[in-house]
Each structure stands twice: as C-alpha cells, then as structure tokens.
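One structure is given below, encoded as structure tokens.
The numbers here are math on the coordinates, done by the rules we state, and not lab data. Please read these numbers as outputs of a predicted model, since none were measured by experiment. When we count neighbours, we look across all protein chains shown, and the Cβ atoms used for this are built from the backbone with ideal geometry, even at glycine.
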Amino acid sequence: MSSDPDQPLVRAALGGDLHAFEQLVERHRDVVFRVVARLVASDQEAEDLTQDTFLRAFHRLERYRGEAPFRSWLLRIAHNTAVTYVTRSGRADTQPLDAAGEQVAGSVEAGSPADQLERRERRQRLDIKLKGLGPAHRTVLVLRDIEGLSYEEIARITDAPLGSVKGRLHRAREEFIDVLRNNTYDWELPR
C-alpha cells in the first residue's frame, strides 16, 4: 500500500533495521495503549499488553503483507492480544476513563478546581456506563468514536464483516445513549 507512511519503516525493519522498528513503536505506541486500555482493568495491564503487542508484531512482521495500513494490522494484534488476555483472566472491566483521559490530555485541565472536579466525576460516571457495554460493542465504539478509525479498519482489526461492524456500532451507540439518557444531569440529553 503505497499511501501508507509506515511502509518504508516496515521494509527497513524487515531488512534488519531495529531503529526502523523502534520508530514504528514510537509512532503507534499511544494508540495501541488506548485501544488495549479500554479492555483491561489497569494501566499496568495495558502497559504489559502494549509491550506484548509490539513484541508479537516484531516476531510476525514477515507475515505483514501490506494489503492494509500497518496501523490496522498492528491494532488487530493489539485487539486480539487484549481480548485473549481478558478472556483468559475472566475479567471484562476497563481502565477508568479518568486515567486514560489524563494520559491523552497530557496536561492539567484548565478551569477552576470545581470545574476540574466536576469533569473528573463525569468521566468516572461515564466509565461506569461504558463498562456496562459488552466487549464487542465497547471495542467498536472506542475504535470508531474515540480513535476515529474507518469501518473498514475496524472490520480488519476485529476480524468481523463490515456489516457486523456497522450493526454493532449502531447498537452500541443506541445502548450507550439510552444509558446516558437515564442520567440527564450529566449529559443533558433529551428524553
């Protein structure tokens, strides 16, 4: 895929250039972390799974055919690694949105201390509501609405037909909106 900016780095890494693979890690580390963090309970688990994802990608790099962007291929490995971990551990909870949001923001929120507290409490309540979604719905919702991936990328990552991805996302959004409507104080959604 010639439009994929990762292709030169992938080719170099396949040729034995470890620095090229390190650049791929730096380029995609944050998005891999965010994706796996939504499926596991703690930052430590997400860090471990992020490292495991890159280790698996490194050892399987020769299997990458370039038919899809490298990021999609990598996120499929991340998704499968996290789902396998959650299945084997018997847990289906996620990291609190508060912790992930602070990592993504990378800085202290603006506003008065009361405004900061209110936003933090809303994120915590949102996390509780997000945990109520099943893993399949939560995954497509995060990949599409938080990470901004296309339906085609999500289908490749989750190894699901395009129609199933669209259906799951539609149902996930309906379910999530319905849950949010039960607490109009937080979200000011019409009933």
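Structure values in brief
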item: Where the Cα pairs of region 7-186 fall when distances are cut into 10 Å bins, in %; result: 9, 34, 34, 17, 5, 0
item: Counted charge near Val25, where neighbours are those whose Cβ lies closer than 14 Å (Asp, Glu -1; Lys, Arg +1); result: -3
item: Separation between Cα centres of region 27-41 and region 130-178, rounded to whole Å; result: 16 Å
item: Separation of the Asp145 and Ile177 label points, Cα + 7 Å toward Cβ, nm; result: 0.9 nm
item: Using θ = phi - 60° and Karplus 6.51 cos²θ - 1.76 cosθ + 1.60, couplings along region 29-36 (whole Hz; Gly, Pro as x); result: 4, 5, 5, 4, 4, 4, 5, 6
